[in-house]
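The values are calculated or read from the model by the stated rules, or taken from the named source; none is laboratory data. Bear in mind that the values here come from a model prediction, so they are computed numbers and not experimental data. We place every Cβ from the backbone using ideal geometry, glycine too, and count neighbours over all the protein chains shown. The protein model used for the area step is the full one, side chains on, heavy atoms only, and it has no ligands, DNA or RNA in it. Shrake-Rupley method; radii C 1.70, N 1.55, O 1.52, S 1.80 Å.
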Amino acid sequence: MPALWEEKAAARRQTLHSQIPQEWLMSIPSPDEMTCVVGQALLPQLLTPLEDEIIQSPTARVIERLQRGEWTAEATVTAFCKRAAVAHQALNCATDLLFTEALATAREYDAFFRSTGKTKGPLHGLPVSIKDVFDVAGRITSCGLVSRLDRVAQNDALLVAILRDAGAIPFVKTNLSQACLLVESINNIYGTVMNPWNRHLSAGGSSGGEAALVAFRGSPLGVGTDGGGSLRLPAAWNGVYTLKPTSTRIPGYGSGAGYSDSVAAGYGPFANDLDTIAIFCKTVLSAKPWLRDPSIVPIPWNSNVIVGPKLRLGLLLDDGVVHFSPPVLRILRAAAAKLKEAGHELLVLGPEWAEMHRRGADIAFRMYTQEGGIGIREELEKSGEPLVPRVCTGWSETPLTPLEIWVNHRARKKLRVTYLERYNSLDLDAIITAPTPHPAPPHGEYITSAICAVFNALDFPSCVVPYGRVDLTADVATPEWYAQEPYPDMANFPYDRYDVDMKRLYTGPEVFENSPLALQIVAPPYQEEHCVAVSQVIDRILNE
């Protein structure tokens, strides 16, 4: 007989399934029968030619046509609802489908436009997807926990409210990891999110549902969170763009599972181009969120930031934690070569940078476990559901003492100063490195998020720019790569795996077949505009 938590989870899954209109239900081939679903003919006779044009268009063009009244909000929302319904059936990427209310709102907006000639705001009629960690009024915010299936939000999270006030229409809430504490989007309620490029591979976490949906073009703009890579790893592994901002730039109030302020979490967008990232930032910061959330610094978005014709970029090929895998190194070196050819300057960052990164990873990992996982354990005890393997908890019998937390905070502050000093001493415009040491791995087999977690500890903003995919010929590892002396495991953080395990996992590129690859482009705190501008220059050179 199933346990009570299993019955609640099953009932919730059935409710989610019932939210898909009958005429949109499809028979999706299994992952073995159809590994990659990007570009596959999964929508026969479901989308009209106009709807297909809408979902394939750059988001800026969708917004422009909505503003001009060339496309109705109803047609636009309908197109993405259909696409998202198929995406969920293929990828398991949703937790709540808001189709009925989204379409009703779209019709209201169309009536308003017809009667007044005015729009509801700069994002008038644009459907947006929301990670399940954010409150959406009238909807469950589960955070991937059975104990929260009865938690219906009374109000929108501030970020959701700002997007709604700008005319955007929330239409999907997306799947995530249990309590947002895992680099794999899996929980006991909704199951595992699959990667659209290879459904045997991870979509990343904790914002994997968002990234998979956007990659499938089931959403023109998604919203996620990042306390240790939860925007950047899913973006990299699904082949989409993101920005992890400085923690006090974009509001996250009305979200989360109650984590410590020690973790510098960022709240940001997923999109299929950087223009959409900039549109999101400008829209959110034009609403002056600092007037409603005192933790947000009062810095409006500056659309006039430009970068010089010759960039000076630091290239980090080694973080001192895990040696980057062959496809990751190949793509970093290929990007550096193309950027040099275009006239930009690349400086390889040496061992002293790897030492800082290893130190930063240790600081970040201590912060993730400092309260001993007491919060998540209390949630699990409420429902009786089990802990998902590799979810980061810590040790409830030995949480850090206030003095130990204070010492770790001092170490973080010292590292931030040292890192910025070295960055400025080289007169860098940005750092280019990997968002992860390996491509999207098989489900449950990721190695570490250390290269991302460091930039949370530093609170540096970073963009992810897709570039290339795993090559079954070019990415065969050399004997020299396997023969490298492995870095020692990180102490006191057994949720990740490390260098020895990286060599065991990477038996060949076929393990990661068809996985997207990407760059992580990093700038100092509060320089999001600069980070995006540099990323746009790099993106044009690499991806034209």
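Brief remarks follow.
- Residue count for the range 115-147, restricted to those that are touching a strand residue (DSSP E or B) at 6+ places or on another chain (Cβ under 9 Å) and of a type in the set (S, T, N, Q): 3.
- Of all residues in the range 468-490, those that are within 20 Å of Ala236 (Cβ to Cβ) and touching a residue at least 12 places away in the same chain (Cβ under 8 Å) have Cβ atoms under 9 Å from Cβ atoms of residues that are of a type in the set (Ser, Thr, Tyr) and open to solvent by 70 Å² or more (accessible area, probe 1.4 Å), 6 or more apart or on another chain, in Ala477/Thr507.
- Cβ-Cβ under 6 Å pairs, at least 6 apart or on other chains, the range 94-105 side in contact (Cβ under 8 Å) with a residue 40 or more places away in the chain, far side surrounded by fewer than 23 Cβ atoms within 10 Å (Cβ to Cβ): Asp96/Arg139; Leu97/Gln19
- Sole exception among (1) touching a helix residue (DSSP H, G or I) at 6+ places or on another chain (Cβ under 6 Å); (2) closer than 19 Å to Cys180 by Cβ; (3) not β-branched (Val, Ile, Thr) for Gly444, by number: (1)
- The C-beta contact set for the range 318-341 (first residue touching a residue at least 12 places away in the same chain (Cβ under 8 Å) and at positive phi, second residue assigned to a helix (DSSP H, G or I) and among the hydrophobic types (A, V, I, L, M, F, W, C), distance under 6 angstrom, 6+ apart or interchain) comprises Gly320/Ala354.
For every residue, the table says whether it meets (1) open to solvent by 10 Å² or more (accessible area, probe 1.4 Å); (2) assigned to a strand (DSSP E or B); (3) within 25 Å of Ser30 (Cβ to Cβ); (4) touching an Asp or Glu at 6+ places or on another chain (Cβ under 7 Å).
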position	(1), (2), (3), (4)
Asp156	yes, no, no, yes
Ile162	no, no, no, no
Phe171	no, yes, no, no
Ala211	no, no, yes, no
Ser219	no, no, yes, no
Gly228	yes, no, no, no
Ser247	yes, no, no, yes
Pro251	no, no, no, yes
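- From the list Val152, Val128, Val193, the lone residue that is surrounded by fewer than 23 Cβ atoms within 10 Å (Cβ to Cβ) and modelled with pLDDT of 95 or more is Val152.
- Members of the range 306-322 that are part of a loop (DSSP other than H, G, I, E, B), open to solvent by less than 50 Å² (accessible area, probe 1.4 Å) and either in contact with a Pro (Cβ under 6 Å, 6 or more places away or on another chain) or closer than 17 Å to Glu528 by Cα (or both): Val307, Gly308, Leu311, Val322
- Residues of the range 287-298 that turn out to be within 23 Å of the chain's Cα centre (by Cα) and surrounded by fewer than 18 Cβ atoms within 10 Å (Cβ to Cβ), as a count: 3
- In summary, Ala104 fulfils each of the numbered conditions (1) within 28 Å of Val133 (Cβ to Cβ); (2) surrounded by 15 or more Cβ atoms within 10 Å (Cβ to Cβ) with the single exception of condition (2).
- Restricting attention to the range 205-235, the residues that are farther than 20 Å from Asp275 by Cβ and more than 8 Å from the chain's Cα centre (by Cα) add up to 4.
- For the range 10-26, a tally of residues being open to solvent by 30 Å² or more (accessible area, probe 1.4 Å), within 22 Å of Glu74 (Cα to Cα) and in a helix (DSSP H, G or I) returns 3.
- So Leu517, is it of a type in the set (A, V, I, L, M) and surrounded by fewer than 24 Cβ atoms within 10 Å (Cβ to Cβ): no
- The residue that is least open to solvent (accessible area, probe 1.4 Å), counting only those in the range 442-485 that are of a type in the set (Ser, Thr, Tyr) and assigned to a strand (DSSP E or B), is Ser462.
- Test for Gly121: is it in contact (Cβ under 8 Å) with a residue 24 or more places away in the chain, assigned to a loop (DSSP other than H, G, I, E, B), out of contact with any Asp or Glu (no Cβ under 7 Å at 6 or more places or on another chain) and small (Gly, Ala, Ser): no
- In this structure, Gly167 qualifies as surrounded by fewer than 24 Cβ atoms within 10 Å (Cβ to Cβ) and in a loop (DSSP other than H, G, I, E, B).
- Test result for Leu221, touching a Leu at 6+ places or on another chain (Cβ under 9 Å) and more than 25 Å from Thr369 (Cα to Cα): yes
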